[in-house]
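What follows is a set of notes on a single structure, which appears directly below.
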Amino acid sequence: MKKLLMAAVALAAVGVTTTSAIVSAAPLVFDRGLPTANLNSAAGANRSNVDWGNANGNTFYGDTFALSGTGPYRIDTITTWIDSNSDLPSKVLSVTLFGSADDGSPLSVISTSATFTRVTYANGQGYQAQSGNFFQLWEVSFSGLNWDVNAGQTYKFGVHGQIDQDIWFNHASNGPLSGSPQDGADGVFRVFRANNPSYNNTWDSGAPGGGWDKSSDINVRVYADAIPEPAFFQMGALIGMSGLGLLRLRKRS
């Protein structure tokens, strides 16, 4: 019990909490979630799930998303996934969500607080590494973001995590083989550097030297509310139209 209490205190210090489930009050508007088909080594050449990690704590990974509809939107929650070969939350030193418009803008810090939830694939398994061992699979949710974005515009994001004596592995999958909604899957993900917010490199894991036998995208879900047009703007428009009508009547008279 003392060990668990100490772990909880340490997690609170870095803005990390654990829970049984995370449900955003905002609707799901972008879904590139975990794959549900062709999982782990049993799928053979059609395996859909993969992870990407870097022992260099300066390098981290992410991807892009674009929301459809009329917008604009206020993003409440962004969820991604990682895997670990041991109990993850007790080892997390820090976690940061970065993001910005994908227009050459440097990355900005969106949140440094996340909630970790232990999950499994639809088949009940965790992530199977190249060694054949099954690793724990964790959902990482950043909530209460209040990040305003425009519909139709592409945004980039990256999750930089530091784990005590371990590598942070971002979960990814091959879109066509995933068996689940894969919004915006284009077969490339992004590489960023913590010490250089302007660094932005695209990576195709299926290209020669890409590290895998097929392309992949970082899995992510975005929850957001459409931002309604303020009532006073609507009223102002109505007043403007009425005024224009009066002017026309006066001119005719």
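The values are calculated or read from the model by the stated rules, or taken from the named source; none is laboratory data. From a predicted model like this one, the values you see are computed outputs, not experimental measurements. So basically every Cβ, Gly included, is an ideal-geometry build from the backbone, and we count neighbours across all protein chains shown. We work out accessible area using only protein heavy atoms, side chains counted, and drop any ligands, DNA or RNA first. Shrake-Rupley method; radii C 1.70, N 1.55, O 1.52, S 1.80 Å.
When the surface is traced with a 1.4 Å probe over the full set of protein chains, H171 keeps roughly 0 Å² accessible. Placing dummy labels 7 Å off each Cα toward the beta-carbon, the span from N150 to D186 is 1.7 nm. Once the Cβ-Cβ distance of I227 and T112 is raised to the sixth power relative to R0 = 30 Å, the FRET efficiency obtained is 0.80. Along its first, second and third principal axes, ordered by size, the stretch 123-226 spans 43, 35, 31 Å in Cα coordinates. Could you let me know the centre-to-centre spacing of the stretch 124-172 and the stretch 23-61, using Cα atoms, in angstrom? The two parts, judged by their Cα centres, are 7 Å apart. Approximating the spin labels as points 7 Å out from Cα along Cα→Cβ, the S94-to-A55 distance works out to 2.2 nm.
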